[in-house]
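Notes to accompany the following structure.
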Amino acid sequence: MASLKDIRAQIASTKNTQQITKALKLVSASKLRKAQNNIVNMRPYALSLRRVISDVAVTQKVAHPLMGQRTEVNKVLMVVLTSDRGLCGAFNTNINKFAEKYIRDNKARLQKLDFIFVGKKGFEFFQKRNITPLESITGLDKDISYKLASQVADRLLGYFLSGEYDEVQLVYNEFKSAISHNVVCETLLPINLGLSSFSDEVNTARFSKDLVFEPSPEEVVEQLLTKHFGLQVYRSMSESVAAEHGARMTAMENASNNAKELINKMTLTYNKLRQEKITTELIEIVSGAEALK
Amino acid sequence: MKMTLVTPEKRILTGADVESVTVPAFRGELNILEGHTPLVTTLDTGIMRWKVKGSDRFQYAVISWGYCEVYPNGIDILAETADLPEDVNLTDAQSFIDKAKARLAAESLNDADYADLSRVVKRGESSIEVTKFKN
């Protein structure tokens, strides 16, 4: 049986832990707000860009190598987005499991399957499984900027356009809400704008025949597609960061609750023990007094 | 004339009523007033300015690569970055210029890198210039 002193120490240490988890939760909450703002701020840009590309590409009948769908996919480059830090529930595990399953299922089929890891957790996980990435990028959560994303995007474009890969896949956690996120695998390249479904929406009236293009429509589409792609990468990174903070917030919330429960239980035991002790002492005194009579 | 100016990281204007807009377009500076012919153009690094309806002064921003679309009743501008005069940090801007210039002078670069670095220099210089218009 633990002594009163032991229980007291245990309660104190659990309280400390609880305070840490509470603080971490608050930090994640504020970071989450920032990340969510990021996503919201990006939306108008993303929507306009997409609309413009499909408008221009459809009305001017521009085709581009980045949009060409491949009939046969033999060489795949997979980008795996994880976080640098842990303590965020199943956030990283889900991603890693998904990627591992993908390897198992497709290894035999594909001629070439390479990886780029963003975030330390994914990198470490696959390092243990002897998979060396083409590249790995860390330091994502500190400052998620469009600049970093477009650098990554430029490199991916380079790999794709040089013909080393037929397809670029991206695995990341899509942000749904503060408490839910799910693993998504997207085909980043070739770019699929879903133009066939788009064509009904295209407002050709806005595009008159004598619309002036500076430079040529082809060049405009070329530049826009590159930007669009960069933005896709940025969006997924933002989503992943938001999901990470959301996941950490939930994990820390749970930890705080568990600590609270533990403290309650221990306080109960502590009080019971204390009362028992008092009762024993009282009995000793009373029986001592009785014996003296 | 409605104007929208957005970047991936922020929204600066959405559907604001403007009288006059000047942008650093692909073929040089372009002034857009009410009733401009429909136009699609890419934008260079440089300073853009616009006058909100009813206001008597211009507002300024430094943009790097951008896309501008003029349609009968408005303008959409998508810029990769857009810094307002109050966002500019002079020491940072100067250090960017210095670093880029040093590389331009020291290394033999391929065309793409050369263009990138020149853009960095131009962006820095525009940033420094735009702080003159701080209100």
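Readers should treat all values here as calculations from the given coordinates under stated rules, not as data from a laboratory. Fair warning: this is a prediction, and the values are worked out from it, not measured in the lab. Cβ coordinates were reconstructed from backbone atoms using ideal geometry, including for glycine residues, and neighbour counts include every protein chain displayed.
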Least to most buried among B:TYR71, B:TYR114, A:TYR146, by other C-beta atoms within 10 Å and fewest first, runs B:TYR114, B:TYR71, A:TYR146
10 Å Cβ neighbours from other chains, averaged over peptide A:216-226 = 2
For the protein assembly as shown, what is the calculated [θ] at 222 nm in deg cm²/dmol (nearest 500), taking -39500 (n - 2.57) for each run of four or more DSSP H residues and dividing by its residue count?
-> -18000 deg cm²/dmol
Can you tell me the alpha carbon radius of gyration of segment B:1-78 divided by the globular rule-of-thumb value 2.2 N^0.38 Å?
-> 0.97
Kirkwood-based Rg/Rh on the Cα set of the protein assembly as shown evaluates to 1.16
Determine the equivalent ellipsoid of segment A:75-188 by diagonalising the alpha-carbon gyration tensor, then write out the semi-axes as square roots of 5 times the eigenvalues, largest first, rounded to whole Å.
-> 22, 18, 13
Helix axis angle, B:90-106 relative to chain B longest principal axis, alpha carbon, degrees = 50
Among the lysines, which have Cα under 16 Å from the Cα of A:LYS277 when same-chain residues fewer than 8 positions away are ignored?
-> A:LYS5
Exposure-ranked with fewest Cβ neighbours within 10 Å first, B:LYS10, A:LYS34 stand as A:LYS34, B:LYS10
Acute angle (nearest 10 degrees) that the helix B:111-130 long axis makes with the longest principal axis of chain B, alpha-carbon atoms | 60
Label model pair A:GLU281, A:GLU219: point-to-point distance (7 angstrom along the Cα→beta-carbon line) in nm is 9.2
Rounded to the nearest 5, the percent of DSSP beta bridges in the protein assembly as shown running antiparallel is 65
With axes computed from alpha carbons, what is the tilt in degrees of helix A:217-292 against the longest principal axis of chain A, rounded to the nearest 10 within 0 to 90?
-> 10
Too long at a 29 Å Cα-Cα cut-off: which of A:LYS34/A:LYS61; A:LYS227/B:LYS99; A:LYS34/A:LYS121; A:LYS120/A:LYS227; A:LYS31/B:LYS134?
-> A:LYS34/A:LYS61; A:LYS31/B:LYS134
For chain B, just run the numbers: alpha carbon Rg, then divide by 2.2 N^0.38 Å, N being how many residues it has.
-> 1.10
Taking A:LYS112 as the anchor, which lysines have their alpha carbon closer than 19 Å to its alpha carbon, excluding any fewer than eight residues away along the same chain?
-> A:LYS75, A:LYS101
Residue order, fewest to most surrounding Cβ atoms within 10 angstrom, among A:CYS185, B:CYS68 = A:CYS185, B:CYS68
Rg/Rh for segment B:86-133: what does it come to with C-alpha atoms and Rh from Kirkwood?
-> 1.04
Separation of the A:ALA12 and B:GLU107 label points, Cα + 7 Å toward Cβ, nm = 5.8
